[in-house]
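A short write-up of the structure that comes next.
The values are calculated or read from the model by the stated rules, or taken from the named source; none is laboratory data. As the structure is a prediction and not an experimental result, all values here were calculated from the model. Cβ placement follows ideal geometry from the backbone for every residue including glycine, while neighbour counts extend to all protein chains displayed.
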């Protein structure tokens with residue numbers, strides 16, 4: 001079996017824990033992937049149209065996605081009892097798993113974005129991906145549900161800048177906010193000393209209140225202790 005994975009994904013870690021519990025970990029080849037709602041990894045999309053991790057390729061060539069589906073498959077393959085066969089017990093465990101997934105989905109923060117057309121959007125990132133993966137210093141706060149990204153770009157010799165990448169923008173071009181356009185632009189960007197898949201890990205906080213001359217605005221904050 002092959003698993004498209006990112007060490008930053010809690011859902012991938014859930015699948016790997018289950019694989020270890022069932023004695024299947026040695027049968028799974030891990031394929032590092034850069035799942036991202038905007039710059040999607042084509043190697044994942046070829047098997048999973050959602051372009052998300054985890055995605056499992058079974059030995060018979062099937063592609064499975066959504067961690068709950070993969071966990072159920074591994075439990076059956078390993079003849080485990082993590083997912084009970086009894087209907088009432090199974091429902092109880094699946095509800096508990098859904099609750100746990102909801103906790104994993106807890107937002108890292110909230111931003112209110114006003115587009116150049118005056119439309120307002122709430123961006124609630126649930127994950128952070130380090131800019132090292134796309135060759136810039138900073139990080140992407142990603143709202144997977146809306147496929148929107150609030151990107152912090154750290155320029156060592158200048159003020160940090162913030163970019164909003166959203167499908168709601170008509171021309172798909174990022175909106176850039178620079179320091180002179182912001183009442184507040186408070187940033188913490190510190191390496192934790194860890195490296196994951198050869199990518200540096202960072203502790204990031206971003207607190208912004210920015211409005212451009214055309215009325216485009218971004219207000220909100222987010223933080224994470226691990227972004228890689």
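For the reader, a short list of remarks on this structure follows.
- Flag if residue 53 is assigned to a helix (DSSP H, G or I) and either touching a helix residue (DSSP H, G or I) at 6+ places or on another chain (Cβ under 8 Å) or surrounded by fewer than 14 Cβ atoms within 10 Å (Cβ to Cβ) (or both): no
- Residue in region 194-211 that is without any contact (Cβ under 8 Å) to a residue 12 or more places away in the chain and in a strand (DSSP E or B) present: no
- Among the residues examined, residue 45 does not qualify as at pLDDT below 95, buried (at least 16 other Cβ atoms within 10 Å of the Cβ) and not assigned by TED's automatic domain parsing to the domain that holds residue 166.
- Here residue 114 passes the criteria (1) within 17 Å of residue 1 (Cα to Cα); (2) modelled with pLDDT of 90 or more except the one numbered (1).
- Pairs linking a residue in region 4-17 that is more than 16 Å from residue 196 (Cβ to Cβ) to a residue that is at pLDDT 85 or above and assigned to a loop (DSSP other than H, G, I, E, B), with Cβ atoms under 8 Å and 6 or more positions apart or on different chains, are 15/54.
- Matching option when the condition is crowded, with 16+ Cβ neighbours inside 10 Å, in the same structural domain as residue 150 (by TED's automatic domain parsing), over 17 Å from the mean Cα position of the chain (by Cα) and under 21 Å from residue 145 (Cβ atoms), among 164, 208: 208
- Residue list for region 155-168, filter: assigned to a loop (DSSP other than H, G, I, E, B) and either more than 23 Å from residue 184 (Cβ to Cβ) or touching a strand residue (DSSP E or B) at 6+ places or on another chain (Cβ under 6 Å) (or both): 160, 166, 167, 168
- Single residue of region 169-188 satisfying the filter (touching a strand residue (DSSP E or B) at 6+ places or on another chain (Cβ under 6 Å) and assigned to a loop (DSSP other than H, G, I, E, B)) that is surrounded by the fewest Cβ atoms within 10 Å (Cβ to Cβ): 174
Quick grid of which residues meet (1) closer than 21 Å to residue 16 by Cα; (2) touching a helix residue (DSSP H, G or I) at 6+ places or on another chain (Cβ under 6 Å); (3) surrounded by 15 or more Cβ atoms within 10 Å (Cβ to Cβ):
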site	(1), (2), (3)
86	no, no, no
103	yes, no, no
108	no, no, yes
114	no, no, yes
120	no, no, no
125	no, no, yes
128	yes, no, yes
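- Annotation: of all residues in region 130-146 being more than 18 Å from residue 103 (Cα to Cα) and out of contact with any helix residue (DSSP H, G or I) (no Cβ under 9 Å at 6 or more places or on another chain), the one that is surrounded by the fewest Cβ atoms within 10 Å (Cβ to Cβ) is 135.
- Whether a residue is over 26 Å from residue 222 (Cα atoms), assigned to a loop (DSSP other than H, G, I, E, B) and at pLDDT 90 or above was assessed, and residue 79 passes this test.
- Exclusive hit being more than 20 Å from residue 205 (Cα to Cα) and assigned to a strand (DSSP E or B), set 97, 121: 121
- In the set 159, 194, only one residue is at pLDDT below 90 and in contact with a helix residue (DSSP H, G or I) (Cβ under 6 Å, 6 or more places away or on another chain); that residue is 159.
- All conditions but one from (1) in contact with a helix residue (DSSP H, G or I) (Cβ under 9 Å, 6 or more places away or on another chain); (2) exposed (fewer than 14 other Cβ atoms within 10 Å of the Cβ); (3) within 12 Å of residue 161 (Cα to Cα) apply to residue 213; the one that does not is (3).
- Residue that is modelled with the lowest pLDDT [pool: residues in region 88-99 that are surrounded by fewer than 16 Cβ atoms within 10 Å (Cβ to Cβ) and touching a helix residue (DSSP H, G or I) at 6+ places or on another chain (Cβ under 8 Å)]: 98
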